[in-house]
1. Give the residues of region 300-340 that are of a type in the set (Asp, Glu) and open to solvent by 10 Å² or more (accessible area, probe 1.4 Å), sorted by residue number.
2. What number goes with the only condition from (1) modelled with pLDDT under 85; (2) not in a helix (DSSP H, G or I) that Asn250 does not pass?
3. Go through the residues of region 199-222 one by one and say whether even a single one is at pLDDT 85 or above, of a type in the set (Ser, Thr, Tyr) and in a helix (DSSP H, G or I).
4. Take Gly114 and decide whether it is in a loop (DSSP other than H, G, I, E, B), more than 15 Å from His192 (Cβ to Cβ) and modelled with pLDDT of 85 or more.
5. Can you find, within region 87-114, the residue that is most open to solvent (accessible area, probe 1.4 Å) among those that are among the aliphatic types (A, V, I, L, M) and more than 27 Å from Asn177 (Cα to Cα)?
6. Which one is modelled with the lowest pLDDT among residues in region 21-58 that are loosely packed, with under 11 Cβ neighbours inside 10 Å and assigned to a loop (DSSP other than H, G, I, E, B)?
7. Filter region 267-288 for residues that are within 24 Å of Arg345 (Cα to Cα) and touching a Lys or Arg at 6+ places or on another chain (Cβ under 8 Å); which is modelled with the highest pLDDT?
8. Restricting to region 449-506, and then to whatever is in a loop (DSSP other than H, G, I, E, B) and among the hydrophobic types (A, V, I, L, M, F, W, C), can you tell me which residue is modelled with the lowest pLDDT?
Amino acid sequence: MTRTYGYIWADWLYGRQKDAFMVGVYDDCRTIDQCAVEPEKAARIIRLRNKVDGSARPWVEGIVDFLEFESHRLAHGRAPVAPLADADDFTALAALDAAYRHGAFRGLCRTPGGAEWVETLGEYCAAMVHQGFKWLRPDGVDEWELPVLGEAWCKGTAMWGLVSLAMAVDACGEDANNDEVLYRIHTVVGAHHMAGATWTGYRGRHPHRWWDRTVRGKAPSEESIRQFATWRRWPEELTDLLVRSARHVNTWVNPPDHPTGLARTRALVIGAHTPRLSARLDRLADELVELTGDMTAPEITEARVRCGSWISNFTSVWRGRADPSDRVAEVSVFGALLGVLRESRPGITADLADRIEQWSRARTDHLPPEQQRMFMAEARATLEIRGRLPGHELGSRGEGPTRYTDGVWGLATLSVLHSRHGGQEVPPDMQALAIRLFNALTDHRRLPGIDVEQGHVNPHCAVCVGDQLFRGLVDNRPSPGVLQATIWGALLYCNLALGSAGDDDNLGTR
């Protein structure tokens, strides 16, 4: 018994020492990045190089890249950017390449199993998101970090990275050997997206507004990507995936098989560019439509699109394979269906609530009985409140616990935690902030008298609320999948927080 506890103590101590080493190294990187005195910077580079010398940890490869980058910039007075041509596309791609190396991403996405090009893609997606949010930093941005295309390019770049991530799940998620690396990619990319979108420590001063329509058409051209990929010796699969992703951002076209009947751009993450996930999504939507039984053609069309918006929040754990883990992750998607029905009818029937409850139960029947009971209790409460089941309170008034249930974040959290990776949920003291962020993001889409009381005004800025939530969740370390379904999920559900209801193409979503 003593020997066992000794091993546990040794493992814990090693983990603490390893974490402290990583934190110290990244603190050193930040100090080097911010240092303006050249002799001091050179000395710090040497000290950090000595600290990591001989380490075989994969993430240290990125640190070595960072040190090489900073040494070159110190010696030559500029970043080691090597564009293939003077055109803006190539300049932007070269800047991304520099961000990839300077940002020390290499090695962060490397985990056992999975194709090597998937890891490369994840690192590049992280660089794109990181580079895309550079425009939000008010000071200390070099020309290589913010190319001449300016703010609109950077916003498009962040989008490009996120769309590429969904395409990685589409291309690689069918093979279970890639599960761990895809999850790790989501951890890295999601952290950068959340920090860039909501963390004022990274954003600096902000205009209390979101992105606008200028992002359309700002990804590089197909020709420039292929030429750049040849120079960088990217695998063909990676090149094709990034080309398709850039084409989707540039054309801003909704998938032809998911017509919305409205000029809304809501298939940004899962759509024609993710054919395997879209096929699984179609089957999922068909099941929900069949359960309802009496939906009109416009309701069916709307339900398909909203199911896609909903499930895009779960790509950290959802692989589109229809295995038991996927089926658990899909349970909360009935919230998308109820979101459609709540606009066209006063409430659902008790019979429909029972059918959806049984549908949910079948997706969780492999779980231990106690877990399934907890799941079904949450699902039933969500059905009653969000479906406006007669005899149950509306649940859409401001920021109380019923609004949290009504937004289905509680059920979504369970879906993540009981699918593939487990982990911790959003701590209780952060749940109120999660509700406030959801309300701030969706306030312009709330229906007075139906979703909220007449005269309701939400005074919260989504960035300010998201900043508090982001910092609180980082401190509390919930599951990365829960982070995606909370902050990142809220942003994705609102189309990456793009535009507003008054935009030309009505980028606001419901």
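1. Glu302, Asp323
2. The number of the failed condition is (2).
3. no
4. Judged against the criteria, Gly114 is not a match.
5. Result: Ala87.
6. Ala56
7. Ala285
8. Our first condition is that a residue be in a loop (DSSP other than H, G, I, E, B); within region 449-506, this holds for 449-451, 453-461, 477-479, 494-497, 499-506.
Applying the additional criterion that residues be among the hydrophobic types (A, V, I, L, M, F, W, C) yields 450, 457, 461, 494, 496-497, 501.
Values: Ile450: 57, Val457: 57, Cys461: 79, Cys494: 72, Leu496: 71, Ala497: 67, Ala501: 49.
Across region 449-506, the extreme among qualifying residues is Ala501.
The values are calculated or read from the model by the stated rules, or taken from the named source; none is laboratory data. Being a predicted model, the structure only gives us computed values, none of them experimental. Virtual Cβ from ideal backbone geometry, glycine too; neighbours counted across all protein chains shown. We work out accessible area using only protein heavy atoms, side chains counted, and drop any ligands, DNA or RNA first. Shrake-Rupley method; radii C 1.70, N 1.55, O 1.52, S 1.80 Å.
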